[in-house]
Amino acid sequence: MIGPLLRVAASAAAARSLRNAAHDAATRAMLAMGAALAVGVGVVCLTYAAYILLARNLDPAAAWGILGAFWGLAGLLYFAVAKRRRG
């Protein structure tokens with residue numbers, strides 16, 4: 001008599017736990033996407049600001065060359081660190 005009631009209560013608790021886990025996963029995914037968007041916007045804004053400052057003293061082609069070299073070195077550093085972490 002009490003067995004079916006316990007099964008219903010256990011399944012309800014399991015469903016609640018599953019819903020909470022799904023909500024947590026969705027929240028973390030949205031936070032990660034928001035952080036990635038913020039980093040991307042920050043990179044674009046800071047790159048443009050650096051270009052403006054460099055273009056005042058140099059010609060625009062040299063300013064873009066310096067920025068390209070900077071981001072190229074940053075990318076190489078990122079890949080070197082990522083490869084080192086993977087083993």
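In this structure, does Phe79 turn out to be of a type in the set (Phe, Trp, Tyr) and either under 18 Å from the mean Cα position of the chain (by Cα) or not in a helix (DSSP H, G or I) (or both)?
When the stated conditions are applied, Phe79 passes them.
Mind telling me which of the residues Arg56, Arg7 ends up being without any contact (Cβ under 8 Å) to a residue 60 or more places away in the chain, loosely packed, with under 10 Cβ neighbours inside 10 Å, in a helix (DSSP H, G or I) and not small (Gly, Ala, Ser)?
One residue alone meets the criteria, Arg56.
We did not get these values from a lab; they are worked out from the coordinates using the rules stated. Predicted model, so just to flag it, every value in this text is computed and none were measured. Glycine also receives a Cβ, built like all others from the backbone with ideal geometry; neighbour counts cover every protein chain displayed.
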